[in-house]
Structure formats: C-alpha cells, structure tokens
Amino acid sequence: MEGIDLVARFMAISATTAPKSKGENFVRTKILLGEELQQTARAMEKFGQKTGKKDFDRDAKGVAQSEAVVLVGLKEAKPLGLNCGACGFEDCSTLQKQKRTSGEFQGPVCSFRHLDMGIALGSAVKTAADLNVDNRIMYRIGAAVRDMGLVDWEFVMGIPLSAAGKNIFFDR
C-alpha cells in the first residue's frame, strides 16, 4: 500500500520526539521495508526454532505480510542518576557495574529509560492509529533483529504495519 513508508517515518519522528527523562534521548529508530523486512520475518522463524520459544513463527507470518516495520530501541542508555533502586540495584553506580550481554536483550537498563522507551512506543503507535494504519508492538521482532545483527541496541521492539481490509495482527 502506497504511503506506509511515510507513516513509518512519521512514527519514527513521534518516537524520537516523545518526552524523555531529563530530556536525554537514548531512543533509536529504524524502518524496515522490502527485502530487509522479509529477512527479519525469516530470522524470527529461525530464532524460534533455535531457542525453542513459541510463537516466533506465528508473529513471523504477520511480519512477512506487513508493508513496513518500525524498530524502536535503546542504545547506551545511561542511568538517570536518582539512586531510586527501581532497577533492582541499590544505586545507579551499582547498576552501571552490571553487564549482561547474552540473551535476547542486554542489561540491566535504568527503569526510567524503559519508561522513556514505553512512551516512545506509545507515541509511535498513536501516530499509526491516527493515520488508520494497523499495527502491533512485538517483542519477538526485537529479539530477532538483535540476534541477526541488524541493530546493536541493548533493547528493541518492532512495530509491523499493515493497511488491509482487516487487521492482520489480531487474527493469531
């Protein structure tokens, strides 16, 4: 459908300009179209098979039928500096000393930066909804794009987009 790429760009703008803690932006966006989108769908299926995790194949089918995917993630998100303990550690300096590099996502990440990410995702999907484009936030896209090396962000979610007569992301 013509125009989905434009909607994806507007969504990336919405995610980037969404309010952030202390006005510091660690949110990153990337738009997948065409062959890159299809490679991602195939990578999702393979990731599910490799890890034995369910529903990667199901969501891969929806991604393969999509016209675009907007990735929203966090890259090198520094702790806010409140020493609030919401991350599970006593203070921000203890959080910064921790590093987990294996798994679907890296971490730990400051809880306020995850809130920033949630607000960015909400802003992006609101933009799509305002423009009548069907979408759904999918963690499985994020796990696959990290695994395939498409992005090197610590945390990422994907939002597939479709403009069909029926929302393809809720018939699962």
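The values are calculated or read from the model by the stated rules, or taken from the named source; none is laboratory data. These figures come from a predicted structure and were not determined experimentally. Here Cβ is always computed from backbone atoms with ideal geometry, including for glycine, and neighbour counts include all displayed protein chains.
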(message) Looking at 168, 137 in this structure, which one is touching a residue at least 24 places away in the same chain (Cβ under 8 Å) and not small (Gly, Ala, Ser)?
(response) 168
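Could you check segment 31-43 and list, in sequence order, the residues that are out of contact with any Gly (no Cβ under 9 Å at 6 or more places or on another chain) and either surrounded by 14 or more Cβ atoms within 10 Å (Cβ to Cβ) or touching a residue at least 24 places away in the same chain (Cβ under 8 Å) (or both)?
First, the residues of segment 31-43 that are out of contact with any Gly (no Cβ under 9 Å at 6 or more places or on another chain): 31, 33-39, 42-43.
Within segment 31-43, 31, 33, 36, 37, 38, 39, 42, 43 meet the criteria.
Condition check ((1) closer than 30 Å to residue 166 by Cα; (2) not in a loop (DSSP other than H, G, I, E, B)) across all residues:
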{"site": "54", "(1), (2)": "yes, no"}
{"site": "60", "(1), (2)": "yes, yes"}
{"site": "76", "(1), (2)": "no, no"}
{"site": "79", "(1), (2)": "no, no"}
{"site": "82", "(1), (2)": "no, no"}
{"site": "85", "(1), (2)": "no, no"}
{"site": "115", "(1), (2)": "no, yes"}
(message) If residue 48 meets every condition in (1) of a type outside the set (S, T, N, Q); (2) assigned to a helix (DSSP H, G or I); (3) more than 19 Å from the chain's Cα centre (by Cα) apart from one, which number is that one?
(response) (3)
(request) Output the residues belonging to segment 140-155 that are within 8 Å of the chain's Cα centre (by Cα) and more than 16 Å from residue 68 (Cα to Cα). (result) 155
(message) When you check residue 116 against the structure, is it farther than 16 Å from residue 32 by Cα and not basic (Lys, Arg), yes or no?
(response) yes
(request) Mind listing whichever residues of segment 1-40 are within 16 Å of residue 75 (Cβ to Cβ) and in a helix (DSSP H, G or I)? (result) 12, 15, 16, 21
(message) Given the criterion over 30 Å from residue 49 (Cα atoms) and at pLDDT 95 or above, identify the matching residue among 82, 161, 71.
(response) 82
